[in-house]
Structure formats: structure tokens, C-alpha cells
Amino acid sequence: MVKKLLPFIFVFFALFSCKKKDESSDRVTWIGGQIVNPKLDYIIFAQGKHVLDTVKLDSNNFFLYRTDKIKEGLYTLRHNETQVFYIQPGDSLLLHLNTLEFDESLAYSGKGAAQNNLLMDLYLKNERENKFLPKWYTLSPKEFTMKIDSIKAEKKAEYQDFLIRNQVSEGFKEVAEASIKYDYFSKKELYAMANRSRLDILGDDYFDYRKNIDFDKEKLRYYYPYYRFLNRYFNSMLIAKYPPGVDRNSYNFSVDKIKAIDSVISNDSIKNSLLRYTAYRYLFCAKDSIQEKEFLDLFTSLNNNAKHTGEIEKLTKATIRLSGGNLIPDVQLVSMGNNIKNIRQVVNRPTVLYFWTYDNPGQARMVHNRAAELKSKYPEYDFLGINTDPNFKKWRNLVQNMKLDESQEFQLENLAESEKVLVLSTISKAIILDKNSVILDGNTNMFNSNFEQLLLGLLNR
């Protein structure tokens, strides 16, 4: 791997050294690197929602990007997945990642590398901590706080050691300190939510850290630790008002949440972004067209971003079209014989549509096994597997290799449009139709605990 990278590294740093000789180019920024096992033939650089550029990979999966327009701050790298990095004008940043372990493999070198490697280390530590955090939810508030105080102290020590060895800008310090601070706050909120049925044990000072929350930090609006904390804060604040087991994507909870967001946050971009996120979460699970229309009216009265309101209006229309009693939208499918068929043509009996992708082999096997199990129990239903990938030959070969019933397998013809019309927010979604292609349930999941009861109930109507 090092041998393969060496020619690129030499070119990269040769460009950097030439740049250094020209003082007028000290604001020119270079970003280069290699993507191992690429999923796409390009990467996207963006700042928040604003795309800076799309950069093609060469035949060896290397890329090189030059700009003199960049300002200091947080940016995102998108290549099937997304990660944040910090850059300043004049940096020459070289990165290397393997998509099989996107976050774990991402490493930086060059000017600006040290600060980004620190941010990645803090991020990965927090992700590992979150995996074992639930084991601590049964501890007393004092014991739990001692645990996470110890974690925070270790990160602060790492950060202070970093500052001794590296000179960084005040802007970067703000980002690094926010990572430590808001990940700590998130853990406090998660513990409170886990113990919502016994909040009296928390004590009067448990939430004192909330006095130090800055809800309107514009520079951090797209920074994951900050944004994730804000979302958890509003969930935690509201969940205590509801009985145990409340669905946080329900109509009532979602309405209360967007009202709370509007009342607490003043910064329009942060507020609009959280409102949009909450709206998507609600609508992806919604099943009541009247409530969806009411939610849309409230959302549009609170969110002043025209693009956001347009998105949510379209999504609301799509989810309403999937309400029970409507015909399934006119979606085109491709059969194993490479014939185009309307989705209504292939429905002749009560039918369950389920979706899968060859990019997730485990999910593909699991969902087909579940469909086969349900088919054996409920032979009155057809179970049609709908593939959501763009490559016909790869899909067909996989269906044949898995020895699936080819008459029950189809692929979406117009992937982008079909995903919008069918509101495919998650690959685990299922849709139940009657023999006339009328929707019985437009948003369910074959792995739900009540799914078999749902199938029986619909048969006995």
C-alpha cells in the first residue's frame, strides 16, 4: 500500500513545496488522497448543505483538489458515507480511507493533518463509548456521572497534550472543545432518557450542565457532536412528559418537539435544520393523512427555509398517497427476464412488497429468509422482493446465485423517482396490498413484533 501511495505523495508534496515558494499562493489549499474499495467514481466536498465541488477519482482511485476559495472551518467529505474535517486556507491535506471501514480507516497527513487526526480520534472514542454506555444506565446518577467525568477528563488531557505539541487556530480550538463538551452532555441526556420513569433519583443538580448550552452556535450547526446533542436534548426534555414506551416519531411527540425547538432556538439555520430533521422522522413513520396535513401546516409556519418547506410538502404528499385505501403508485419494475412491468400488473393476490439491496448481503439473506418463513405460514399472500440497486446484471446474478424464486423478484426501473414515490426511507420497509393493488398498510416492517397479527387481521377484514 505504501509503495502505491509513494508516487502520489511525491507529486502532492512537490506541488505543496512549489506553492510555498510563491507567497501570493499562500491561500491556495490542496486536498488529495486515495479511496480504497470505492463505492463511487467521485467524492464530494461540501460545507454543510453547500457543495463546493465534485472531484473524480483517477484509474488508481486517487484524487487531487485545489482551491483558493476556501475559508477556515468545518467541511464534509462525501463518498457513500460522510465525515467531517477541519481546514484552513493554505493547508495541504492528504487523506486515505477504505470504504470497508470508512471512519476507522480514515487517516490524514500533510499540513492540517494533526488537528483532523485529533478530531477523528475523539469521534471514534465517542462511538466506542456509546456502545457500552447502556450498561451504565442502571448505575446511580452519582456513579454514572463519575464514569463519564473520567472519560471527559481523559479526553481533555489528550487535548491539552495536543495543544502543547501543536499550534492551532482559535477556531479549531472551539471545534475540538465542542466535541468533548457536547459528547459529554449527550451522555447525560441519554442517561436521563433511560431513567425517565424515575427522574426523581437524578437530584436537583443533575441538569446543571444545561446552563452551559449554547443553542445558537452558528459555526457548529453541521458538526455532528453538537447537532446530535441538540436533538437528544429536545427528546430528553419532552420524553419525561410522556408514559414509558412513547413513540418519539408519533404525531403528538413530533408536534411538541418542533414547538419546543421553535421556542428555544433563535438561530434560523440551526432551528430550520432541526425542524426539517424532525419532520422527516415523523413523516417516514406517519400513517394518518389528516395528522400529516396538520403537521405540515405547523411545520411551514415555523420553518422559514423555502427549500425545506418545499421538500416537506412533497414528502407529505407522497406519504399521504401511501395511506390505506389508495392504489399503489404507478411504479415501473424490471423482471428477471428484463421486461418492464407496472407494479399493479404483478399483483394478483394479497401481496407484501419488501425491499433489499445487494450492497448489504446480510440484510438480503435475512429479509428473504423472513419472507420465506411468512410465506409458509400465510400462503394466501405473495411476497415480492423489490431490489433497490441500479445494476441489472449484478442483481440478476445474485438472485440466481441465491436460488430465489425468480417470479417473485423485481428491480425498480427508475430508482430515484421510485424511492421518492414509495418513500423508501429505510430498506426494512414493507407495503401490504390487496389483490387489486389497493394499499392496506403503506408503511410497515416484516420484522415488527405485530407483523403477523397485522397480516391475519387484514386477511379477516
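The values are calculated or read from the model by the stated rules, or taken from the named source; none is laboratory data. None of the values given here were measured: they were computed from a predicted structure. Neighbour counts run over all protein chains shown; Cβ positions are idealised from the backbone, glycine included.
Inspect all residues belonging to the range 15-25 and state whether any of them is at pLDDT 90 or above and over 21 Å from residue 120 (Cα atoms).
no
Inspect the range 72-88 for any residue being closer than 11 Å to residue 35 by Cα, among the β-branched types (Val, Ile, Thr) and surrounded by 15 or more Cβ atoms within 10 Å (Cβ to Cβ) and give the result as yes or no. Write out each step before concluding.
Keep residues of the range 72-88 that are closer than 11 Å to residue 35 by Cα, which gives 79.
In the following step, the residues that additionally are among the β-branched types (Val, Ile, Thr) were identified as none.
Looking through the range 72-88, none of the residues is closer than 11 Å to residue 35 by Cα, among the β-branched types (Val, Ile, Thr) and surrounded by 15 or more Cβ atoms within 10 Å (Cβ to Cβ).
Could you go through the range 205-225 and let me know if any residue there is farther than 27 Å from residue 46 by Cα and acidic (Asp, Glu).
So far as the range 205-225 goes, yes, one or more of its residues are farther than 27 Å from residue 46 by Cα and acidic (Asp, Glu).
Restricting to the range 438-454, name every residue that is in a strand (DSSP E or B) and of a type in the set (Asp, Glu).
If the condition is that a residue be in a strand (DSSP E or B) and of a type in the set (Asp, Glu), then 441 is the only one that fits.
Out of the range 404-428, which residues are under 21 Å from residue 321 (Cβ atoms), hydrophobic (A, V, I, L, M, F, W, C), outside any helix (DSSP H, G or I) and more than 16 Å from the chain's Cα centre (by Cα)?
410, 412, 422 - these are the residues of the range 404-428 that are under 21 Å from residue 321 (Cβ atoms), hydrophobic (A, V, I, L, M, F, W, C), outside any helix (DSSP H, G or I) and more than 16 Å from the chain's Cα centre (by Cα).
Any idea which of (1) surrounded by fewer than 15 Cβ atoms within 10 Å (Cβ to Cβ); (2) in contact (Cβ under 8 Å) with a residue 24 or more places away in the chain; (3) in a loop (DSSP other than H, G, I, E, B); (4) of a type outside the set (Asp, Glu) is the one residue 59 doesn't satisfy?
Looking at each condition in turn, residue 59 falls short on (2).
Identify, from the list 251, 282, the residue that is within 12 Å of residue 295 (Cβ to Cβ) and in contact with a Ser or Thr (Cβ under 6 Å, 6 or more places away or on another chain).
Working: 251 fails: in contact with a Ser or Thr (Cβ under 6 Å, 6 or more places away or on another chain).
282 is the lone residue from the list that is within 12 Å of residue 295 (Cβ to Cβ) and in contact with a Ser or Thr (Cβ under 6 Å, 6 or more places away or on another chain).
To keep it simple, each residue is scored yes or no on (1) closer than 20 Å to residue 39 by Cα; (2) among the aromatic types (Phe, Trp, Tyr).
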{"residue": "347", "(1), (2)": "no, no"}
{"residue": "358", "(1), (2)": "yes, yes"}
{"residue": "368", "(1), (2)": "no, no"}
{"residue": "371", "(1), (2)": "no, no"}
{"residue": "387", "(1), (2)": "yes, no"}
{"residue": "397", "(1), (2)": "yes, no"}
{"residue": "409", "(1), (2)": "no, no"}
{"residue": "424", "(1), (2)": "no, no"}
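Applying the selection to the range 303-334, what residues are more than 25 Å from residue 353 (Cα to Cα) and touching a Leu at 6+ places or on another chain (Cβ under 6 Å)?
Residue satisfying the conditions is 303 alone.
Would you call residue 152 more than 22 Å from the chain's Cα centre (by Cα), among the basic types (Lys, Arg) and surrounded by 13 or more Cβ atoms within 10 Å (Cβ to Cβ)?
So residue 152 passes the test.
Going through the range 296-313 one residue at a time, which ones are among the charged types (D, E, K, R) and under 20 Å from the mean Cα position of the chain (by Cα)?
307, 311
Suppose we filter 164, 213, 180, 148 for residues that are closer than 27 Å to residue 88 by Cα and in contact with a Lys or Arg (Cβ under 6 Å, 6 or more places away or on another chain); which single one remains?
Unique residue meeting the criteria: 180.
Inside the range 347-366, can you point out the residues that are crowded, with 18+ Cβ neighbours inside 10 Å and under 21 Å from residue 439 (Cα atoms)? Before you say what the answer is, go through the steps one by one.
Of the residues in the range 347-366, the ones crowded, with 18+ Cβ neighbours inside 10 Å are 347, 350-356, 364.
Within the range 347-366, 347, 350, 351, 352, 353, 354, 355, 356 meet the criteria.
Of all residues in the range 210-248, which are out of contact with any strand residue (DSSP E or B) (no Cβ under 9 Å at 6 or more places or on another chain), of a type outside the set (D, E, K, R) and either outside any helix (DSSP H, G or I) or in the same structural domain as residue 87 (by TED's automatic domain parsing) (or both)?
Across the range 210-248, the qualifying residues are 213, 215, 240, 242, 243, 244, 245, 246.
Among the residues of the range 318-374, which ones are farther than 26 Å from residue 458 by Cα, among the hydroxyl-bearing types (Ser, Thr, Tyr) and over 25 Å from the mean Cα position of the chain (by Cα)?
335
Go through the residues of the range 94-116 one by one and say whether even a single one is buried (at least 20 other Cβ atoms within 10 Å of the Cβ) and in contact with a Lys or Arg (Cβ under 8 Å, 6 or more places away or on another chain).
No, there is no match, as no residue in the range 94-116 is buried (at least 20 other Cβ atoms within 10 Å of the Cβ) and in contact with a Lys or Arg (Cβ under 8 Å, 6 or more places away or on another chain).
Among the residues of the range 274-306, which ones are polar (S, T, N, Q) and at pLDDT 95 or above?
Initially, the range 274-306 is screened for residues polar (S, T, N, Q), giving 278, 289, 291, 300-301, 303-305.
278, 291, 300, 301, 303, 304, 305 - these are the residues of the range 274-306 that are polar (S, T, N, Q) and at pLDDT 95 or above.
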